[in-house]
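Working notes, beginning with the structure itself.
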There are 2 protein chains.
Amino acid sequence: MVRTDARVAAGGGKAVLTQAAKTMAAAMDDAFDALLPVPEDPRRKLYEAMRHAAIGGGKRLRPLLVRATGDLFHLDEDALVRVGLAVECIHVYSLIHDDLPAMDNDDLRRGKPTVHRAFDEATAILAGDCLHDLAFEILVDERTHSDPFVRCELVRALTKASGPVGMAGGQMMDLEAERTPFDLPTVTRLQQLKTGAIIAFCVEAPAIMAHVPLEARTGLHGYARDIGLAFQIADDLLDVEGDEALAGKALGKDAAAGKQTFLSLLGVARARHQAQFLVDQAKAHLHDYGDRAALLRAIADFVVERDR
Amino acid sequence: MVRTDARVAAGGGKAVLTQAAKTMAAAMDDAFDALLPVPEDPRRKLYEAMRHAAIGGGKRLRPLLVRATGDLFHLDEDALVRVGLAVECIHVYSLIHDDLPAMDNDDLRRGKPTVHRAFDEATAILAGDCLHDLAFEILVDERTHSDPFVRCELVRALTKASGPVGMAGGQMMDLEAERTPFDLPTVTRLQQLKTGAIIAFCVEAPAIMAHVPLEARTGLHGYARDIGLAFQIADDLLDVEGDEALAGKALGKDAAAGKQTFLSLLGVARARHQAQFLVDQAKAHLHDYGDRAALLRAIADFVVERDR
């Protein structure tokens, strides 16, 4: 009976997630469309490039995480969408820059040509830079939170998550990984920076907005750490076993670049087991939140079950 | 007698500026040195690249403008240095990205190899991105201002000055200028975005910090607009007549790229006259501030008298 209930709950979680993801995808597209009207002047291409990258694609996993964590604290939905939008700005900017020829040299992203392929490299660099600014502009706006101290804390947390002690630092390590055979602790550290820091921000931000004291955030921090690593292991598995058409990007690149990954270090069976272990552990961290954490639990399951 | 007094005052202004510039150069180098300790891990190169670009070079004109405007309102010097540091982060990040092969393709900057020449393109892109984050991280810190509302306003103003309606939008126009023969109003608009927006932030930021009401900032806005354009005309003149060794970068590039500039549109004589007219007008905007604006006046003179 317990198993059946759990399965029903998981099925219900999946339906809730599907609906929430659909709503969030529309909210992101609408928000970017409103924020980025194409001007009739020589900056036209810059705005078109930002729209190309930001609108109509992606899982919107990070905004969903923000919204799902917001459910725990009964936060205003519009404010959560704004914070999700800021995170998505950072995420999209990082995809644009990481796809550049000097970095990962990718031609396809979210099933479309990458920005430097659809436009040109200079425009791609600038479009990334502008989305980077936009993230912080959104956060400091009073519509994001009425308390300016909270808005400052959000900016502070996102700069940390995005800069050299976060995402960009992780990308630097990832570039070095092509030259140096990293061991498991170093690969773990790399991924905690490259994808983990922004995922951690997504659950930290609503806690900041709800004035949750630091000592009461331990469960959320554990959840973010665990799904962040599970997400990356799943990514490594998809890179080897996935469908390029579904993924909307080139796969098999890590092995071709000779990079050590969770997969190359653990093997398929142990990697898959480890990902599931992390997801179960992530959900255990949510124990105190009961039903309000249903969406966060569904996201944890999705992280390893997804096909793209 | 009036002329003599004015000349003495101008001479005094120059001495004050030389001393302030020296102090600011040391303060910037010290601050960047403290902010960017090189870690013993695979992110080492990223930090070395940021240090290469940020330490030991440049006129530090933007931090000086912040400090000089702060003199009008008796603001705390450490706080002004922090705001100057944030602006310099944005300025240096933009130089790194603008120098990239896909953009202006420059090999030399501030008398040293550009970041992508000293390191590589991927590291240059990431180093720029990290300095971009650092700017906002510095602004939201409580050491910049005790009032979080003011810190939010500073972030908001700097994102505007740096993004698509400011510097990055201007750089996009500048890239288009190689393809399209712009007229004088369009070149003016280009430069107001590309260099003017950040210069305007430098005088706006202390006004925000001192809670100066918007209607009392008209003179400062006029000053910034005028020296911004004068700065660019002087840059155009230096691009044609300057000394590459002093400039520390390649010159003569605009003509080679077939771009319309103030110089190509006005000719040398009218351009030089216009720059001096703008400087005089800029100083007239400072009339109400009396002696407290001595440094701002000296900066206005420097903008057209400089040899680099």
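The values are calculated or read from the model by the stated rules, or taken from the named source; none is laboratory data. As the structure is a computational prediction, the values presented were derived from the model and not from experiment. Ideal geometry is used to build each Cβ from the backbone, glycine not excepted, and the neighbour counts take in all protein chains shown. Remember, those area values only see protein heavy atoms, side chains included, never the ligands or the DNA or RNA. Shrake-Rupley method; radii C 1.70, N 1.55, O 1.52, S 1.80 Å.
Just a few scattered comments:
- Diffusion coefficient, µm² s⁻¹, Stokes-Einstein with Kirkwood Rh over alpha-carbon pairs of region B:1-131 at 25 °C and 0.890 mPa s: 152 µm²/s
- Calculated label separations, residue A:287, copies of the chain, 7 Å along the beta-carbon direction, nm: 7.5
- Residues of region B:78-120 with amide N under 15 Å of a point placed 7 Å along Cα→Cβ from residue B:38: B:118-120
- Projected-area mean, region B:98-165, by convex hull of Cα positions, square nanometres: 5.6 nm²
- Between region A:22-84 and region B:259-298, the alpha-carbon center distance in angstrom: 42 Å
- For chain A, the relative contact order comes to 20 percent (Cα pairs under 8 Å, sequence separation of at least 6).
- Projected onto its three principal axes, the C-alpha set of region B:164-308 covers 45, 30, 26 Å, listed from the longest axis down.
- The other copies place their residue B:141 label points at 2.8 nm from this one, listed shortest first, where each point is 7 Å from Cα along Cα→Cβ.
- Kirkwood hydrodynamic radius (C-alpha pairs) into Stokes-Einstein, the protein assembly as shown, 4 °C and 1.567 mPa s, D in µm²/s: 51 µm²/s
- The A-B contact accounts for roughly 4000 square angstrom of buried accessible surface, both chains included, probe 1.4 angstrom.
- Region A:13-305: equivalent-ellipsoid semi-axes (sqrt of 5 x gyration tensor eigenvalues, Cα, Å): 26, 26, 17
- Label spacing, shortest first and in nm, from residue A:252 to its equivalents in the remaining copies (7 angstrom along Cα→Cβ): 5.1
- The solvent-accessible area of residue A:220, taken with every protein chain present and a 1.4 Å probe, is close to 0 Å².
- Listed residue pairs exceeding 24 Å between alpha carbons, taken from A:160/B:45; A:22/A:259; A:112/A:160: A:22/A:259; A:112/A:160
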